[in-house]
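Reading through the C-alpha coordinates given below for one structure.
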Amino acid sequence: GWRMEESQNRAPTELGADERYKAFFERFNQQAFFEAHEVLEQLWLEQRQDAQAGFYKGLIQLAGAFVHLQKSRPGPAIALLGRSRDLLQAYAPVNQRLDVRALLHWMDALLAQLRAGAPPKTILETKAPLRIELMKSESR
(Lines give C-alpha, C1' and ligand atoms only; values in the text may rest on other atoms or scores of the structure.)
Protein backbone atom coordinates (compact mmCIF):
# COMPACT_ATOMS: atom_id res chain seq x y z
CA GLY A 1 0.00 0.00 0.00
CA TRP A 2 0.93 3.68 0.15
CA ARG A 3 2.80 3.27 3.46
CA MET A 4 5.48 1.08 1.92
CA GLU A 5 5.98 3.44 -1.01
CA GLU A 6 6.37 6.35 1.34
CA SER A 7 9.09 4.62 3.35
CA GLN A 8 10.94 3.71 0.14
CA ASN A 9 10.98 7.33 -0.94
CA ARG A 10 12.35 8.57 2.37
CA ALA A 11 16.01 9.54 2.00
CA PRO A 12 17.07 6.59 -0.19
CA THR A 13 20.43 8.26 -0.85
CA GLU A 14 21.46 8.84 2.76
CA LEU A 15 25.14 7.93 2.63
CA GLY A 16 26.31 4.74 4.28
CA ALA A 17 22.95 4.41 5.97
CA ASP A 18 22.01 1.16 4.35
CA GLU A 19 23.04 -1.99 6.17
CA ARG A 20 23.27 -3.80 2.86
CA TYR A 21 26.07 -1.49 1.80
CA LYS A 22 28.06 -2.40 4.92
CA ALA A 23 27.15 -6.07 4.52
CA PHE A 24 28.72 -6.03 1.06
CA PHE A 25 32.16 -5.29 2.53
CA GLU A 26 31.74 -7.77 5.38
CA ARG A 27 30.95 -10.54 2.91
CA PHE A 28 33.61 -9.48 0.45
CA ASN A 29 36.23 -9.56 3.20
CA GLN A 30 35.12 -13.07 4.16
CA GLN A 31 35.61 -14.04 0.50
CA ALA A 32 31.86 -14.66 0.24
CA PHE A 33 31.92 -12.90 -3.11
CA PHE A 34 28.68 -14.28 -4.52
CA GLU A 35 26.80 -13.27 -1.36
CA ALA A 36 28.42 -9.81 -1.48
CA HIS A 37 27.22 -9.42 -5.06
CA GLU A 38 23.69 -10.57 -4.12
CA VAL A 39 23.28 -8.25 -1.14
CA LEU A 40 24.34 -5.15 -3.06
CA GLU A 41 22.30 -6.06 -6.12
CA GLN A 42 19.09 -5.54 -4.12
CA LEU A 43 20.23 -2.03 -3.24
CA TRP A 44 21.24 -1.31 -6.84
CA LEU A 45 17.87 -2.47 -8.17
CA GLU A 46 16.10 -0.05 -5.82
CA GLN A 47 18.35 2.86 -6.76
CA ARG A 48 18.94 2.27 -10.45
CA GLN A 49 17.87 5.86 -11.27
CA ASP A 50 20.00 7.30 -8.49
CA ALA A 51 23.37 9.07 -8.85
CA GLN A 52 24.94 6.22 -6.83
CA ALA A 53 23.72 3.47 -9.17
CA GLY A 54 26.99 3.30 -11.10
CA PHE A 55 28.93 3.05 -7.84
CA TYR A 56 26.88 0.08 -6.68
CA LYS A 57 27.09 -1.56 -10.09
CA GLY A 58 30.87 -1.17 -10.08
CA LEU A 59 31.14 -2.85 -6.68
CA ILE A 60 28.77 -5.63 -7.79
CA GLN A 61 31.00 -6.24 -10.83
CA LEU A 62 34.07 -6.26 -8.59
CA ALA A 63 32.52 -9.02 -6.47
CA GLY A 64 31.45 -10.80 -9.66
CA ALA A 65 35.04 -10.74 -10.90
CA PHE A 66 36.11 -12.49 -7.70
CA VAL A 67 33.40 -15.13 -8.18
CA HIS A 68 35.12 -15.85 -11.52
CA LEU A 69 38.50 -16.01 -9.76
CA GLN A 70 37.10 -18.53 -7.28
CA LYS A 71 36.04 -20.64 -10.24
CA SER A 72 39.47 -20.22 -11.89
CA ARG A 73 38.18 -18.17 -14.82
CA PRO A 74 40.77 -15.39 -15.21
CA GLY A 75 39.44 -14.23 -18.61
CA PRO A 76 35.94 -13.27 -17.42
CA ALA A 77 37.46 -11.92 -14.17
CA ILE A 78 39.74 -9.54 -16.11
CA ALA A 79 36.82 -8.37 -18.27
CA LEU A 80 34.58 -7.66 -15.25
CA LEU A 81 37.39 -5.96 -13.31
CA GLY A 82 37.90 -3.63 -16.26
CA ARG A 83 34.20 -2.77 -16.46
CA SER A 84 34.05 -2.29 -12.69
CA ARG A 85 37.06 0.01 -12.81
CA ASP A 86 35.47 2.18 -15.52
CA LEU A 87 32.37 2.69 -13.37
CA LEU A 88 34.16 3.23 -10.07
CA GLN A 89 36.64 5.83 -11.30
CA ALA A 90 33.78 8.30 -11.71
CA TYR A 91 33.38 8.20 -7.92
CA ALA A 92 37.01 8.86 -6.98
CA PRO A 93 38.64 9.94 -4.74
CA VAL A 94 36.17 9.13 -1.94
CA ASN A 95 32.53 8.07 -2.08
CA GLN A 96 30.28 6.75 0.68
CA ARG A 97 33.24 6.38 3.05
CA LEU A 98 35.10 4.25 0.52
CA ASP A 99 38.60 5.27 -0.56
CA VAL A 100 37.85 4.76 -4.23
CA ARG A 101 41.26 5.98 -5.36
CA ALA A 102 43.04 3.36 -3.24
CA LEU A 103 40.63 0.69 -4.49
CA LEU A 104 41.41 1.63 -8.11
CA HIS A 105 45.17 1.30 -7.46
CA TRP A 106 44.55 -2.11 -5.90
CA MET A 107 42.43 -3.17 -8.90
CA ASP A 108 45.15 -2.01 -11.30
CA ALA A 109 47.72 -4.14 -9.48
CA LEU A 110 45.31 -7.08 -9.57
CA LEU A 111 44.68 -6.65 -13.29
CA ALA A 112 48.42 -6.49 -13.94
CA GLN A 113 48.95 -9.75 -12.01
CA LEU A 114 46.16 -11.51 -13.85
CA ARG A 115 47.28 -10.27 -17.26
CA ALA A 116 50.79 -11.49 -16.41
CA GLY A 117 49.28 -14.94 -15.88
CA ALA A 118 49.17 -15.16 -12.08
CA PRO A 119 46.92 -18.09 -11.11
CA PRO A 120 43.62 -16.91 -9.54
CA LYS A 121 44.27 -19.27 -6.64
CA THR A 122 47.43 -17.40 -5.58
CA ILE A 123 45.55 -14.08 -5.66
CA LEU A 124 42.74 -15.45 -3.50
CA GLU A 125 45.20 -16.96 -1.02
CA THR A 126 46.99 -13.65 -0.52
CA LYS A 127 44.79 -12.66 2.40
CA ALA A 128 46.26 -9.21 3.06
CA PRO A 129 45.08 -7.22 0.01
CA LEU A 130 41.60 -8.73 -0.06
CA ARG A 131 40.14 -6.50 2.63
CA ILE A 132 38.22 -3.38 1.70
CA GLU A 133 37.65 -1.18 4.73
CA LEU A 134 35.32 1.78 4.95
CA MET A 135 36.72 5.01 6.35
CA LYS A 136 35.41 6.20 9.72
CA SER A 137 33.97 9.39 8.29
CA GLU A 138 33.77 10.96 4.88
CA SER A 139 36.09 13.87 4.32
CA ARG A 140 34.48 16.05 1.69
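Which shape class, rounded, prolate or oblate, goes with region 73-138 when its Cα gyration tensor gives a ≥ b ≥ c as root eigenvalues, a/c under 1.5 marks rounded, and past that a/b bigger than b/c marks prolate?
Values: a/c = 2.86, a/b = 1.59, b/c = 1.80.
It is oblate, given that a/c is not under 1.5 and a/b is not larger than b/c.
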Practice item. Roll a 1.4 Å probe over the protein heavy atoms and report the accessible area of Leu87 in Å², nearest 10. Key: 50 Å²
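Please report the net charge: other residues with Cβ closer than 15 Å to the Cβ of Pro119, K and R +1, D and E -1. Spell out each step's value before the answer.
Details: positive: Lys71, Arg73, Arg115, Lys121; negative: Glu125.
Result for the neighbourhood of Pro119: +3.
The values are calculated or read from the model by the stated rules, or taken from the named source; none is laboratory data. Bear in mind that the values here come from a model prediction, so they are computed numbers and not experimental data. So basically every Cβ, Gly included, is an ideal-geometry build from the backbone, and we count neighbours across all protein chains shown. For accessibility, only protein heavy atoms count, side chains too; no ligands or nucleic acids. Shrake-Rupley method; radii C 1.70, N 1.55, O 1.52, S 1.80 Å.
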